[in-house]
Amino acid sequence: MTIAELPAGLTLIAAGLAAPLVPRAWRGALLLAAPLAAFAQLLALPAAAHVAVEAFGVTLQLVRADKLSLAFGYIFVIAAFLNALYGWHVRDGAEQPAAMVYAGAAVAAVFAGDLLTLFVFWELTAVASAVVVWAQGSKRAYGAGLRYLVIQLASGMLLAAGAVLRYAETGSLAFDLVGLGTPAGALLLLAFGIKCAFPLLHNWLQDAYPEASATGTVVLSAFTTKLGIYALARGFAGTEMLIWIGTLMTAFPIFYAVIENDLRRVLAYSVNNQLGFMVVGIGLGTDLGVNGAVAHAFADILFKALLFMSMGAVLLRTGTVKGTDLGGLYKSMPWTAGFCIVGAASISAFPLFSGFVTKSMIMFSAAQQGYAWEWLVLLFASAGVFHHAGIKIPFFAFFAHDAGIRCKEAPGHMLAAMALAALLCIGIGTFPAALYALLPRAVDYTPYTASHVLSQLQLLVFSALAFSVLMRTGIYPPEKRSVNLDFDWTYRRVGARLAAGAATALAMFNAAAGAGLRAGVRRAGGWLQAVHGADGVLARTWSTGGMALWVALMLAGYLLVVYL
Amino acid sequence: MNADDKRYWLDDPRNVTTVYRGLWAFGIALLLLDFVVHRHAEADFDGVFGFYGVYGFVACVALVLAAKLLRRGVMRPEDYYDDR
């Protein structure tokens with residue numbers, strides 16, 4: 001095994017673990033250098049590389065390089081670099097080291113060739129990312145991080161159980177196409193579904209991501225959900241059920257996004273919505289669908305990071321990302337506003353921006369396969385994502401009414417990270433062939449036709465017109481300080497109440513049982529005193545004859561037992 | 001107060017109206033292009049004149065109205081989960 005063949009993820013994990021030990025001045029440089037080294041490792045990785053080790057009597061495939069794992073490997077390492085650059089000023093605390101371990105675990109997980117290796121790194125992403133949430137330091141972040149960790153670890157346990165069943169079914173731990181035909185398949189789909197934020201399994205995302213720090217949320221947005229998408233693409237391509245699950249995912253979060261006040265939570269809902277498109281592409285299972293899912297994951301990591309970075313910069317400078325408190329910030333932070341708009345144009349799939357060349361592959365494939373209703377919902381969600389992420393985010397933060405906040409522009413390293421992400425978004429949108437070359441299956445798709453460009457522009461411009469009309473007529477719901485109940489209500493309120501009730505009941509039972517027990521002990525003590533005490537029946541001196549009689553009776557008893 | 005308090009172009013409501021009207025003009029121009037550009041319809045019905053424009057507009061209005069209804073059901077005070 002050469003250095004180049006060592007899992008690139010381990011380089012990032014090692015750098016993350018070493019970061020707290022090196023002098024403070026070197027930490028930023030170390031964390032910035034690690035993704036560069038890992039990227040070089042990936043480039044040097046021989047085609048179809050396999051690295052296996054023997055452990056616990058099974059063969060563990062630490063590295064299985066193919067186009068699918070490489071595509072995710074590249075983008076995860078790029079995201080790790082962007083995060084390190086964006087978080088350059090954060091030198092203390094566990095956040096940045098944990099972020100690098102988290103990125104490394106995600107990279108190692110996509111190169112894992114077997115389910116056991118996948119499980120190990122799957123759990124490492126869960127723990128490291130929970131540390132990133134907690135590093136924000138507030139009580140809310142602590143609670144959200146705890147809920148997040150419980151759900152992520154549950155996903156890991158389902159994965160472990162699925163892996164064991166799979167081993168029993170097939171005699172192999174290899175992670176390839178699984179499919180939904182067996183109990184193992186169902187468990188694995190559920191494990192991956194939690195990470196992909198399937199409907200009703202989704203709330204950890206909207207709950208925890210917006211509670212992390214300005215830099216932490218950017219880190220979180222890249223890895224966990226896209227690792228889920230990778231696993232789904234590897235194990236469940238062509239599983240038809242995913243088409244309607246994904247369709248549902250594209251649609252329902254956007255209603256919440258429209259009424260949410262915390263702009264980073266709005267973005268968390270739009271993460272959910274974009275994941276839906278990828279899940280549909282995987283469910284279609286066609287070359288175009290799977291390619292579209294991978295390409296869209298790649299593009300999404302960049303534009304979502306860019307949007308979260310712009311909101312992080314706003315949070316850093318103004319101390320809030322509430323729509324109610326912001327407005328008119330383009331005057332103070334023009335560069336951040338510009339980069340935010342590039343991210344917004346990319347997620348909205350404007351021509352020349354990344355979403356245009358990736359999302360359309362999935363939609364075109366859905367139409368080709370005859371999923372007309374699903375296609376209509378996806379088109380609705382496309383208009384909706386422009387509405388809430390493309391317009392609402394930049395509009396309420398940087399334009400709308402001037403909230404009177406005057407602050408400094410974002411720090412230079414944050415602007416540099418945003419500029420790099422923006423460049424990549426435009427680069428992908430302008431030269432899609434470069435991204436298409438990385439996709440796992442053969443690409444036969446031309447995004448730039450006059451018809452496609454015109455359709456998309458019409459859809460977007462009239463969505464923007466709808467927003468303008470609603471704003472100018474006052475129909476658009478104003479931003480309000482509020483919490484919107486989502487599925488997490490079932491465990492944060494109903495579940496918490498049930499648990500509190502159960503605890504009260506248990507306490508009452510304990511008290512009652514304790515009183516009973518104490519009375520019982522007292523009574524037993526009295527009986528012992530009576531029997532064994534100084535005058536008790538067992539403390540008296542017995543006659544020899546009496547003893548002989550008892551021994552004879554006991555022997556007779558033995559005989560009876562033996563012969564019966 | 002300070003130098004940042006200068007008037008920006010968008011501070012004038014008339015300019016915002018100009019942008020708004022420009023957007024309408026752009027949208028209508030895009031609709032008219034339907035007569036020029038040859039369509040490769042993706043589904044059965046999207047070749048109809050103005051399909052994408054109308055769908056985008058109606059979808060967004062419906063989305064916002066539905067979200068307003070949703071707010072009646074799910075909106076709670078900001079400290080809803082804090083009071084224990």
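The values are calculated or read from the model by the stated rules, or taken from the named source; none is laboratory data. Everything numeric in this text was worked out from a predicted model, so none of it was measured. Cβ placement follows ideal geometry from the backbone for every residue including glycine, while neighbour counts extend to all protein chains displayed.
Odds and ends about this structure:
- Here A:THR473 clears all of (1) within 14 Å of chain B (Cβ to nearest Cβ); (2) surrounded by 10 or more Cβ atoms within 10 Å (Cβ to Cβ); (3) out of contact with any helix residue (DSSP H, G or I) (no Cβ under 7 Å at 6 or more places or on another chain) except the condition numbered (2).
- Residue match in the range A:397-419 (condition: within 14 Å of chain B (Cβ to nearest Cβ) and surrounded by 23 or more Cβ atoms within 10 Å (Cβ to Cβ)): yes
- Criterion applied to A:TYR558, A:TYR491 was being more than 9 Å from chain B (Cβ to nearest Cβ), farther than 30 Å from B:CYS60 by Cβ, surrounded by 15 or more Cβ atoms within 10 Å (Cβ to Cβ) and among the aromatic types (Phe, Trp, Tyr), and the one residue passing it is A:TYR491.
- Odd one out for A:ALA383 among (1) more than 10 Å from every other protein chain (Cβ to nearest Cβ); (2) surrounded by 24 or more Cβ atoms within 10 Å (Cβ to Cβ); (3) hydrophobic (A, V, I, L, M, F, W, C): (1)
- Under the condition of being more than 18 Å from A:ALA251 (Cβ to Cβ) and more than 7 Å from chain A (Cβ to nearest Cβ), the residues counted in the range B:55-76 number 1.
- Residues of the range A:399-426 that turn out to be touching a residue at least 12 places away in the same chain (Cβ under 8 Å) and assigned to a helix (DSSP H, G or I), as a count: 13
- Annotation: of all residues in the range B:6-54 being within 30 Å of A:ARG406 (Cα to Cα), at the interface with chain A (Cβ under 8 Å from one of its Cβ atoms) and modelled with pLDDT under 85, the one that is surrounded by the most Cβ atoms within 10 Å (Cβ to Cβ) is B:LEU10.
- Within the span defined as the range A:435-443, every residue fails to be of a type in the set (Gly, Ala, Ser), surrounded by fewer than 17 Cβ atoms within 10 Å (Cβ to Cβ), more than 7 Å from chain B (Cβ to nearest Cβ) and outside any loop (DSSP other than H, G, I, E, B).
- Residue check, A:LYS331 within 11 Å of chain B (Cβ to nearest Cβ), farther than 30 Å from A:GLU240 by Cβ, basic (Lys, Arg) and over 25 Å from the mean Cα position of the chain (by Cα): yes
- Only one entry in A:ALA37, A:ALA49, A:ALA19, A:ALA65 is in contact with a helix residue (DSSP H, G or I) (Cβ under 9 Å, 6 or more places away or on another chain), within 16 Å of A:GLY104 (Cβ to Cβ), surrounded by 14 or more Cβ atoms within 10 Å (Cβ to Cβ) and touching a residue at least 40 places away in the same chain (Cβ under 8 Å), namely A:ALA19.
- Counting the residues of the range A:353-398 that are modelled with pLDDT under 95 and not in a helix (DSSP H, G or I) gives 3.
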